[in-house]
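Before any comments, here is the structure.
The values are calculated or read from the model by the stated rules, or taken from the named source; none is laboratory data. None of these values were measured; they are calculated from a predicted model. Ideal geometry is used to build each Cβ from the backbone, glycine not excepted, and the neighbour counts take in all protein chains shown. All accessible areas refer to the heavy atoms of the entire protein, side chains included, with ligands and DNA or RNA removed. Shrake-Rupley method; radii C 1.70, N 1.55, O 1.52, S 1.80 Å.
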Amino acid sequence: MGSIPDPGELTELTPPSFDEFQRQTSLMTSCTLLWKELSDHFTSLEQNILKKSAALKHKIQTLDTETKASLDVLKKREVTIDGSVEIALEKLEERTEAALSNLNSPSQQKEFNNPDGEVDDGDALLMILKNYCLKMEAREFWKFVTTKKKEIDEMRNVLPVALTECVDPAKFAMEAISEVFPVDKRKDKSSNDLGWACVLVLESLIPVVVDPVIGKSRLLVTPTVKAKAKEIAETWKASLEERGGIENVKTPDVHTFLQHLVTFGIVKKEDVNLYRKLVVGSAWRKQMPKLAVSLGLGDKMPEMIEELISRGQQLDAVHFTYEVGLVGRFPPVPLLKAFLKDAKKAAASILEDPNNAGRAGHLAARKEQSALRAVIKCIEEYKLGAEFPPENLKKRLEQLEKAKIEKKRPAAVPATKRTRASNGGPMPPAKAGRLTNAYVSSFPAPPTFVRSPSHTQYPAGVSPYASPPAVYGNRSPPTNPYAYSPEAAPPLAGSYPGAPMNYPAYGGYGAGLAPAYQQAYYR
């Protein structure tokens with residue numbers, strides 16, 4: 001047992017004061033809070049370290065996977081080189097033999113002595129093109145292609161087949177279009193634009209030069225031809241300043257340049273910003289979304305789509321969203337409605353423009369018709385009928401078409417205006433004596449009002465509509481014979497939007513084309 005303390009010592013053990021007790025309690029509380037804060041901090045650090053470790057581990061796994069895939073591709077390319085070269089050499093030998101056979105066969109040469117004639121048969125068209133390709137006659141081939149724009153669909157089918165007969169298809173195609181690309185060498189540069197033919201030839205060349213074993217990842221283009229293609233691309237880029245910058249370059253030229261890069265596989269990463277500006281500036285061409293992806297602009301698509309929307313090119317934005325799978329981020333139906341709304345506003349502004357007097361209604365109706373056709377086509381193409389039923393749009397389009405037909409009908413000349421053969425003046429009708437209210441004018445026949453010469457100056461791509469030969473007698477002719485008011489039209493279900501007024505018909509070819517929706521020459 002312990003010893004009992006002395007009573008005197010017990011008197012010295014007095015309890016602490018209240019202030020001391022409060023100080024000690026506060027100190028303990030502070031220590032507890034500090035401990036908890038440190039514990040939470042270390043826990044958060046541990047969690048962040050684990051997250052970063054997991055992210056780093058995921059990146060390492062991704063890099064390993066990509067590295068493995070790249071090595072597999074390289075190994076496959078290396079393994080397939082011999083096979084691809086062997087196939088290419090066999091084709092080259094076959095083409096050489098066919099070319100020599102063709103040159104030594106006068107009967108075949110006589111068969112194609114008149115290529116400029118009408119060719120209705122697809123087989124005959126193919127044989128003529130093959131003949132040029134076998135003999136590597138690039139100039140004659142080009143002249144023939146440029147005369148067949150009306151047969152563009154058939155040409156698109158037979159050109160790849162014909163180009164396979166060339167000894168060097170890539171070189172042949174490059175020489176064929178060299179008359180107008182990269183620089184137009186024609187004396188009369190104001191003649192027909194041939195950009196459509198350049199794009200057609202370059203597109204048709206792609207299936208011919210792809211590797212028969214591994215596909216588009218390797219193009220069978222000789223180093224000499226590829227170097228020449230790069231030189232041509234640099235020449236075209238250098239000519240931009242001479243043309244006044246990107247904004248002043250014609251869309252067919254832009255399309256040809258971009259297709260040239262993709263066809264010959266000479267896309268440069270350092271020129272991505274240039275490609276982006278060119279694609280956005282010519283976004284209304286239906287082929288541009290696919291070209292943009294082929295040019296390596298996939299990661300820039302969201303900002304490109306936003307730029308198109310801000311510029312009032314909602315319809316183009318819809319095509320881009322479907323090409324890259326961004327429909328969820330940019331829903332198409334609101335964009336199409338906004339497009340129609342803008343088109344309606346633009347049509348109204350045309351009616352209010354005093355410079356369009358006499359044909360404002362016609363131009364405004366054309367603008368709205370163009371927008372309606374483009375949206376209906378888009379709804380059908382992407383199967384959006386459930387979200388945006390096109391019935392009301394079709395009804396409105398029919399109303400505009402009917403109004404246009406009625407305006408084109410000539411005014412009927414009344415039967416009472418029969419002319420007396422002797423002096424050219426009016427004569428009473430045959431039954432005038434039996435009519436109580438018969439009226440015979442003593443005035444000469446009223447003049448027919450004719451438009452001034454200035455009214456016939458239509459902008460490029462707008463075909464003038466002849467004025468109806470109306471007769472007004474002693475009344476003044478109406479100031480606006482083509483009055484058109486979108487407000488007077490029956491409203492459509494739901495709010496519907498619109499297009500920029502300088503927006504050409506989607507898929508139309510060439511700058512300044514009339515807004516009527518037409519099938520593009522490309523697909």
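Observations on the model:
- Filter result (of a type outside the set (A, V, I, L, M) and over 15 Å from ALA317 (Cβ atoms)) within the range 331-349: LYS344, LYS345, SER349
- Hey, ILE266 touching a Lys or Arg at 6+ places or on another chain (Cβ under 6 Å) and within 18 Å of LEU308 (Cα to Cα) or not: no
Quick grid of which residues meet (1) buried (at least 17 other Cβ atoms within 10 Å of the Cβ); (2) touching a Phe, Trp or Tyr at 6+ places or on another chain (Cβ under 8 Å):
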| residue | (1), (2) |
| --- | --- |
| ALA292 | yes, yes |
| GLU303 | no, no |
| ARG311 | no, no |
| GLY328 | no, no |
| PHE339 | yes, no |
| ASP353 | no, no |
| HIS362 | yes, yes |
| GLU368 | yes, no |
| GLY385 | no, no |
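- Residues of the range 141-167 that are closer than 21 Å to VAL209 by Cα, part of a loop (DSSP other than H, G, I, E, B) and open to solvent by less than 40 Å² (accessible area, probe 1.4 Å): CYS166 alone.
- Exclusive hit being surrounded by 10 or more Cβ atoms within 10 Å (Cβ to Cβ) and modelled with pLDDT under 80, set LEU45, LEU71, LEU38: LEU71
- Residue within the range 240-258 that is touching a Ser or Thr at 6+ places or on another chain (Cβ under 6 Å), among the aliphatic types (A, V, I, L, M), closer than 15 Å to VAL180 by Cα and free of Cβ contacts under 8 Å to residues at least 40 places away in the same chain present: yes
- Subset of the range 314-326 [buried (at least 22 other Cβ atoms within 10 Å of the Cβ) and out of contact with any Pro (no Cβ under 6 Å at 6 or more places or on another chain)]: GLN314, LEU315, ASP316, ALA317, THR321
- The listed residue being surrounded by 13 or more Cβ atoms within 10 Å (Cβ to Cβ), among the aliphatic types (A, V, I, L, M), within 30 Å of TRP196 (Cα to Cα) and modelled with pLDDT under 65, out of ALA99, ALA138, ALA124: ALA99
- Index of the failed condition, TRP284 passing every other in (1) in a loop (DSSP other than H, G, I, E, B); (2) modelled with pLDDT of 95 or more: (2)
- Candidate set: the range 341-391, residues that are basic (Lys, Arg) and assigned to a helix (DSSP H, G or I); chosen: the one nearest to the chain's Cα centre (by Cα): LYS377
- When every residue of the range 270-278 is checked against the conditions, none turns out to be among the acidic types (Asp, Glu), modelled with pLDDT of 95 or more, open to solvent by 50 Å² or more (accessible area, probe 1.4 Å) and out of contact with any His (no Cβ under 7 Å at 6 or more places or on another chain).
- Number of the condition not met by SER217 [criteria: (1) closer than 14 Å to SER294 by Cβ; (2) surrounded by 13 or more Cβ atoms within 10 Å (Cβ to Cβ)]: (2)
- Just one of the listed residues (ASP188, ASP193, ASP211) is open to solvent by less than 20 Å² (accessible area, probe 1.4 Å) and modelled with pLDDT under 90, and it is ASP211.
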